[in-house]
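Down below is the structure, laid out as structure tokens.
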Ligand code: GLU
Ligand code: ZN
């Protein structure tokens, strides 16, 4: 027997920007496909036109590309199983819904929304099961003809078996069984000609030869309905694996905007590395052993397995993501980090090239949690320090005039140095601090604010050397002037 080709898919509804909650199952599917040399398919479930958002698919494509999750079939790339937009597949759903009607597995229902509403109200009052009462399941041919003559467009409903049970196996949740009598005769095709999710998903997963369905466990309750549809068609079932949702950091409720950024574009725009994001998303609720945190993409493809997924929901931790991101930033080569920083610095209005940044990389690489923090560290290399509060220039436990004197002396020493190398500056300023009876930190603090406008900045001797003597002296002059305006 030849083994079935592994074909997995994600089936996003284009209603908004791509969310980490969807990115995680997307990653799992991608890893699974790559691990088995199979296909990763993107199918756009866009039959709900009221919630359609034109930016969603381009955002999805950008996000997947950014994460490095290339897809073999779907938007932009096409494929042999298209179309990959459900809105372009309406005829197929019609065809298959009609097939079930003609084979006796489904029927037309003419009930008006008013009748269904009244029915629901009555059921609520009597506290009986809420659901469709199967009124149209047994209509005679004459009754059908009468409704058709009235011009009512029917929906198509599945004839759910009235007795027995429906069971299926989920790789993570095990065997799940429901009593058929608890299931409604669900709608397959709506009167506007659009399929319901249930019909479309089954038809598409079948026609696209999807072998494994891996998705968020919010879809688990729908599976028995899908099984009944598969059975009605006589189609082979795919393998199901439902993965738990990502919870909010505090462990209660779904991760949502209120906790921080939740869209993949947010993380991209805030200076997270796709490598870190992928590693983090894989590790939320999946483990290989109980200690390994860092998995690069190849390691994930090698080691990822459905059985390592924990079915208790996992919390999203911004802190863990940040530390993972910092780790991946530290691993980058100087050229690579410099070129990744360019767009973030330009966005802050700094006119930089990556070659300008290479010498600065050693000053900040260990300090960055995200790429977007870089501007806050090194902007003053590319423009004059923003106006800062002159009182920041006053050194710790120093007066304004003592700080001014110290700056004046520093100016003279630095102006007289034979060169502007790090070691030369280092010994000159240490010696000066000594002579002035100051702690090194006191003197450096004053100089730091004068040249950078900040109290926290990259290592000072390196900073001075890279800034160059001329700029350093001019900024120290500015500091002296600012201090002169202060009284002790
Ligand atoms: N369109 C559904 C969604 O937006 C797809 C669910 C599934 O994967 O079957 O998540
Ligand atoms: Zn009906």
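All of the numbers you see were taken from the coordinates with simple rules; none came from a lab. All of these numbers come straight from a predicted model, not from anything done at the bench. No Cβ is skipped: glycine too gets one built from the backbone with ideal geometry, and neighbour counts run over all protein chains shown.
Side notes on the structure shown:
- Computed extension length for residue 256-residue 470: 72.0 nm, one decimal, from 0.36 nm per residue of separation with the Cα-Cα distance subtracted.
- Between helix 113-125 and the chain: long-axis angle, C-alpha atoms, 0 to 90°, nearest 10: 90 degrees
- Sorted by Cβ density within 10 Å, fewest first, the residues 242, 144, 198: 144, 198, 242
- Residues 319, 369, ranked from the fewest to the most other C-beta atoms within 10 Å, line up as 319, 369.
- Förster radius 25 Å - calculated FRET efficiency between residue 419 and residue 383, Cβ distance, rounded to 0.05: 0.45
- Linear extension gain, residue 52 paired with residue 72, 0.36 nm per residue minus alpha-carbon span: 4.8 nm
- Contact order normalised by residue count of the chain, Cα under 8 Å, 6+ apart, percent: 12 percent
- Sorted largest first, extent of the chain alpha carbons per principal axis (Å): 108, 54, 37
- For the stretch 305-346 versus the stretch 414-488, the inter-centroid distance based on Cα atoms is 35 Å.
- Residues residue 477 and residue 435, FRET efficiency given R0 of 22 Å [Cβ-Cβ distance, rounded to 0.05]: 0.55
- In degrees, nearest ten, helix 197-207 long axis to first principal axis of the chain (Cα): 90 degrees
- Estimated inter-spin distance, residue 307 and residue 335, nm [label 7 Å along Cα→Cβ]: 4.4 nm
- Spatially, the stretch 263-292 and the stretch 150-219 are offset by 33 Å when compared through their Cα centroids.
- Between the alpha-carbon centres of the stretch 366-397 and the stretch 24-72 there is a gap of 40 Å.
- Distance in nm between pseudo-label sites at residue 327 and residue 112 (7 Å out along the Cβ direction from Cα): 6.4 nm
- In terms of surrounding Cβ atoms within a 10 Å radius of their Cβ, 235, 30, 286, 377 rank from fewest to most as 235, 377, 286, 30.
- Distance between modelled label sites at residue 266 and residue 181, nm, 7 Å Cα→Cβ extension: 4.7 nm
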